[in-house]
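Trainee: What follows is a single structure, and I will ask about it in a moment.
The values are calculated or read from the model by the stated rules, or taken from the named source; none is laboratory data. Computed from a predicted model, the values in this text were never measured in an experiment. A quick note on method: Cβ atoms are made from the backbone with ideal geometry, for glycine too, and the neighbour counts reach across all protein chains shown. Quick note on the areas: whole protein, heavy atoms, side chains included, nothing else; ligands and nucleic acids left out. Shrake-Rupley method; radii C 1.70, N 1.55, O 1.52, S 1.80 Å.
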Amino acid sequence: MYKIIYKKSLTPTITLMKVLAPDVTRHAKAGQFIILRVDEKGERIPLTIADIDHALKSVTIIFQVVGKTTYLLNMLSEGDDILDFVGPLGKPTEIENLKKVLVIGGGVGSAIAYPLCKALFEQNTQVELILGFKSKDQIILKEAFETVTNHQYMTTDDGSYGEKGFVTDQLNKILKKDQSYDHVFAIGPIPMMKAVSDMTKNYQIPTTVSLNPIMIDGTGMCGGCRVKVGDGIKFACVDGPDFDGHQVDYDALLKRNMAYRLKEQKDFEDVLKRGEA
Amino acid sequence: MKNLSLEKTKMPLLDSEKRQNTFCEVALGYNLEDAVLEANRCLECKHKPCVDACPVHIDIPSFIHEIKEENLEKAYQIILNESMLPAVCGRVCPQENQCEKVCVRGIKGESVAIGRLERFAADYHYEHSELGCGFEINRNHKKVAIVGSGPAGLSCACQLLKLGYDITIFEALHMPGGVLVYGIPEFRLPKAIVEKEIQQLMIHGVKLKTNTVIGKTLYLEDLFADGYKAIFIGTGAGLPQFLNLPGETLNGVYSANEFLTRVNLMKAYDLTYDTPIYKGQIVSVVGGGNVAMDAARAALRLGAKEVHIIYRRSMEELPARKEEIEHAKEENIVFDILTNPVEILGNETGFVRSVKCMKMELGQPDQSGRRRPIPIEDSLFEMKTDVVIIAVGTTPNPLISQTSSDLKTNEKGCIITKDDSGLTTKAHVYAGGDTVTGAATVIEAMGAGKKSALAIHKLLS
C-alpha cells in the first residue's frame, strides 16, 4: 500500500498527489512513469512522474479525471492508500549536451513537462516554454514553471489568458524569428504533438514527444503499448515513452488509443451515476 | 491389488457443452477410489526411471505407494520433499514428456497417470490439512534475493528456505505467481491453488515484495547493498514476439501475453472488474503451442462464436500437449492447419476485419527436426475475423541486463550461465528457467531453480 501524503486540486478536474513510494524514488528520472491500481478490481494505469521528493521519499503525480480509474483515484484523500504503485518505468528523457531548448506542454501534459524543464534547467540548459490550455481556468503549474525556465509563453484556445490560439500558433511565430534551438520537446494530446512535429520537421529541429498508449504491465510483457515509429514497431513502456516526434505514426496511435472507448465511457458513466446517487 | 488395465483410470471432465460460458476447471480430478485404482497400476519398479525423468526428482514410486495404502498425507509429504508446487505441477507439467514418458507401464499400454496422482495427493492435502504444516527449518539468517515469483523463483525460494535462508522474493506485478497467474487460465489452473502453494512459503517466513521491478525500481547492486548475499533471477521469458505482419498494430490484434493477462491476472471475464477486453465474434489464434490453446479456449469462454487456431504445419507437429489439443477439439475450436497468416486487414476505424492467409504444404525436415512448411503458390485467401491473437513465442525480458552491464546475455536475450548451477557472468548472481533457456515448461524452470538453490547454498556455507 502506498500512502497519499498530499493532495491538491489544481483545477476542478486536475489533481496533484504526492504518494509515499521510497523504492520508486531511488532511481526515478524525468520522463519516466509509474503504473498504479486504485483497488482490487481496478485497471492498471500509467501516469507520468511529475516530480520526486527525495527528502519525503514521495512521487508526485498529476492527473485529469477522464474515466472511472482517474475518478476513483480522485476520490481518495490525504492519508488514504493506493493499492499498487510501481516504477519508475520507461527510459528517462535524454537531455545531455543541450544548450537551448523549447519545451511545449499542452493541457494536463504540462505536468510531464515540469520535471523535464527542471532537469534541463538544473544542468544549465536554456529552457523556453510554451504552455497551452483551453482557457484560463485550466492553467496549472504556472508558478512552478517560472522557477525552472528562462522564458514562458502562455496560450489559451479562447484567449482568456496569454495569447489566443494553439501552442502551434505560438511555435510558428517563434520559429519564424529564431531557429537556434537544439531540440524541441512536445508533451500533450496526440494531435498537438503531431502538429508540433510537422512544424519542427520543416525547420529540421530534432523533436522528442512523450507517448501515453494503453498498457498493462509496463515492463514489455504484454506488447499492448506498441507504436509504429519509422519502419519499426516499438513498445512505449520499455523503448519509450519518449520517441523521435518526426518518426511516430500518430494516426495509428490515435486509433489504438480508441480501442476501449465504448467500455471506458460506460464505466465512467456508471461510476458517475453511483457517485451522484 | 494390482491393476492390470492397459489404460489410465479416466479423469472426470467438465461437460464440454458446459465449458462454453465458464472459466471453471475442466479436469475435475480423481476421487479417492479413482486414485487408489490408478496407483495400483504402478509396479514400483526398483530402477525408478520416472524419478530421473522428473526435473526435480520427486520420489514417484514412494508417493504412489502411500496412495495405494491410503496414507494420503504421507504421500503429499514425500512430494513436498522435492517440490512445493504439487497441485500446480500435477495440473500443468507435460508429464507425457517427462516422468510418464519413461514409465514401464507405458511400454505396453498407457503409462501410470503420475500427474493426476500428484494432483490428487496435493488437492487432498489442501482439503484436509491446515496450511503450513510441513517441515522444520534451522534458520541461518543469511539473506538471498529471488527475482521473479514464477515457477523458477518459487522453487529456488522453497529449497533455500528449507536450508535455512532468509528469503525475499521480488515481483514486478501486483500478484505473485508469474506465468502461473498471468498466463495459464483459471480453467486449467485455478488461481486459488496457486495462491495456496505460495501461501505455504509465506507462512514459513519467505518475504514477498510485489510492485518491484528489478532493473528499474531496484538494481542488482542495490540488493547487494541491502545485504543480500546472493541473487537468483527467474524472470521468465515474457517479451512477446510478433510476426511483423502488415496490420499488426490494428485494434483487436493481441499478443497472447496481453490477451491472457487481461483475462487471467486482470480477470476481464468477471464483469465486476474494470479490465476492458475486445472480444469479437470470430477469433483467430496464430500458433500451435499450449499458450495458443489457452488463448483460443479463453476466447471461446469470453463468448466468441467461432475460434480458429491458425498453424502453419500439420496436426502432427502441433507443439501443444495432447490433452490440451483434445480439450480444445471437444470445445469445437477449429484447427486451420497448414495455414500461414501474411497480413491482417482492418476497417476504417482501425479494427481488425480479416486475416489474409496462405496455404502451406510440408517439405523435408528442417533443423528443428520437423517437416518444413512451404507456401503453396496462388493459395492466398481471406478469413473474416474480429480478433487476432499472436501466440508464436516469447523472449526474455531485458530490463535487468540493461542496468547491470556485467550480466551477459546471448543474441536471443537469454542470460548466459556458466554451468548447470545457473551461475551467471556476475558473481553471486544465478539465473534459471525461461530467462536462461527461452520459453520452456513450468517443471523445467522449477528444476533450474532448485539447482541454483543448491549452488547458492554451497557458495554461502
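Trainee: I'm trying to understand the selection: among the residues of region A:98-124, which are part of a loop (DSSP other than H, G, I, E, B), in contact (Cβ under 8 Å) with a residue 40 or more places away in the chain and of a type outside the set (A, V, I, L, M)? If you could, list the steps in order and put the result at the bottom.
Mentor: First, pick out the residues of region A:98-124 that are part of a loop (DSSP other than H, G, I, E, B): A:98-99, A:123-124.
From what is left, the residues that are in contact (Cβ under 8 Å) with a residue 40 or more places away in the chain are A:98-99.
Matches in region A:98-124: A:K99 only.
Trainee: Oh, and also: Those residues that are touching a strand residue (DSSP E or B) at 6+ places or on another chain (Cβ under 7 Å) and either within 14 Å of another protein chain (Cβ to nearest Cβ) or among the basic types (K, R) (or both), I need them from region A:188-218; list them, please. Write out each step before concluding.
Mentor: Of the residues in region A:188-218, the ones touching a strand residue (DSSP E or B) at 6+ places or on another chain (Cβ under 7 Å) are A:188-189, A:192-193, A:196-197, A:200, A:205-213, A:215, A:218.
A:L211, A:P213, A:M215, A:G218 - these are the residues of region A:188-218 that are touching a strand residue (DSSP E or B) at 6+ places or on another chain (Cβ under 7 Å) and either within 14 Å of another protein chain (Cβ to nearest Cβ) or among the basic types (K, R) (or both).
Trainee: Oh, and also: Just checking, does region A:234-247 include any residue being open to solvent by 20 Å² or more (accessible area, probe 1.4 Å), within 11 Å of chain B (Cβ to nearest Cβ), over 16 Å from A:G90 (Cα atoms) and free of Cβ contacts under 8 Å to residues at least 40 places away in the same chain?
Mentor: no
Trainee: Just one of the numbered conditions (1) in contact with a helix residue (DSSP H, G or I) (Cβ under 7 Å, 6 or more places away or on another chain); (2) open to solvent by less than 40 Å² (accessible area, probe 1.4 Å); (3) closer than 28 Å to B:R262 by Cα is not true of A:Y71; which one?
Mentor: Of (1) in contact with a helix residue (DSSP H, G or I) (Cβ under 7 Å, 6 or more places away or on another chain); (2) open to solvent by less than 40 Å² (accessible area, probe 1.4 Å); (3) closer than 28 Å to B:R262 by Cα, only one is false for A:Y71: (2).
Trainee: For region B:313-416, please list each of the strands (runs of 3 or more DSSP E) lying entirely inside it that holds at least 1 residues being surrounded by fewer than 17 Cβ atoms within 10 Å (Cβ to Cβ).
Mentor: Details: elements: B:334-336, B:339-346, B:352-365, B:371-375, B:381-384, B:387-390.
It comes to B:334-336, B:339-346, B:352-365, B:371-375, B:381-384.
Trainee: Separate question: Can you pull out every residue in region A:61-97 that is assigned to a strand (DSSP E or B), in contact with a Phe, Trp or Tyr (Cβ under 7 Å, 6 or more places away or on another chain) and modelled with pLDDT under 95?
Mentor: The answer is A:G87, and nothing else.
Trainee: Tally up the residues in region B:207-234 that are over 25 Å from B:I416 (Cα atoms) and buried (at least 24 other Cβ atoms within 10 Å of the Cβ), please.
Mentor: Qualifying residue count, region B:207-234: 1.
Trainee: Let me ask something else. Return the residue satisfying two criteria in turn: it lies in region A:6-47 and is without any contact (Cβ under 8 Å) to a residue 24 or more places away in the chain and crowded, with 18+ Cβ neighbours inside 10 Å, and of such residues it is nearest to A:L120 (Cα to Cα). Spell out how you get there, then give the answer.
Mentor: Applying the first criterion (without any contact (Cβ under 8 Å) to a residue 24 or more places away in the chain) to region A:6-47 yields A:8-9, A:23, A:26, A:41, A:47.
Those left that are additionally crowded, with 18+ Cβ neighbours inside 10 Å: A:23, A:47.
On the way: A:D23: 24, A:L47: 21 Å.
Of everything passing the filter in region A:6-47, A:L47 is nearest to A:L120 (Cα to Cα).
Trainee: Another question, if that's okay. In the set A:R256, A:R226, which member is of a type in the set (K, R), within 11 Å of chain B (Cβ to nearest Cβ), in contact with a helix residue (DSSP H, G or I) (Cβ under 8 Å, 6 or more places away or on another chain) and surrounded by 21 or more Cβ atoms within 10 Å (Cβ to Cβ)? If you could, list the steps in order and put the result at the bottom.
Mentor: Values: A:R256 fails: in contact with a helix residue (DSSP H, G or I) (Cβ under 8 Å, 6 or more places away or on another chain).
After applying the criteria, what remains is A:R226.
Trainee: For region B:222-257, give me each residue that is in a helix (DSSP H, G or I) and either farther than 14 Å from B:V286 by Cβ or more than 9 Å from chain A (Cβ to nearest Cβ) (or both).
Mentor: Just the residues of region B:222-257 that are in a helix (DSSP H, G or I), to begin with: B:222-225, B:256-257.
Hits for region B:222-257 are B:D222, B:L223, B:F224, B:A225, B:A256.
Trainee: Continuing with the same structure: Go through (1) touching a residue at least 12 places away in the same chain (Cβ under 8 Å); (2) open to solvent by 10 Å² or more (accessible area, probe 1.4 Å); (3) within 23 Å of the chain's Cα centre (by Cα); (4) more than 14 Å from every other protein chain (Cβ to nearest Cβ) one by one and return the number of the condition B:L302 breaks.
Mentor: (4)
Trainee: From the residues in region B:432-461 that are basic (K, R) and open to solvent by 30 Å² or more (accessible area, probe 1.4 Å), which one is farthest from B:Y165 (Cα to Cα)? Before you say what the answer is, go through the steps one by one.
Mentor: Within region B:432-461, the first condition is being basic (K, R), and the residues that meet it are B:450-451, B:458.
With open to solvent by 30 Å² or more (accessible area, probe 1.4 Å) added as a condition, the list becomes B:451, B:458.
Details: B:K451: 15, B:K458: 12 Å.
Selected residue: B:K451.
Trainee: Among the candidates B:G205, B:G234, B:G215, B:G247, single out the residue that is small (G, A, S) and within 18 Å of A:P22 (Cα to Cα).
Mentor: Testing whether each residue is small (G, A, S) and within 18 Å of A:P22 (Cα to Cα) leaves just B:G215.
Trainee: Here's another thing I want to ask about it. Report, by residue number, each residue of region A:28-60 that is under 11 Å from A:P115 (Cα atoms) and not in a loop (DSSP other than H, G, I, E, B).
Mentor: Within region A:28-60, A:T48, A:I49, A:A50, A:D51, A:I52, A:T60 meet the criteria.
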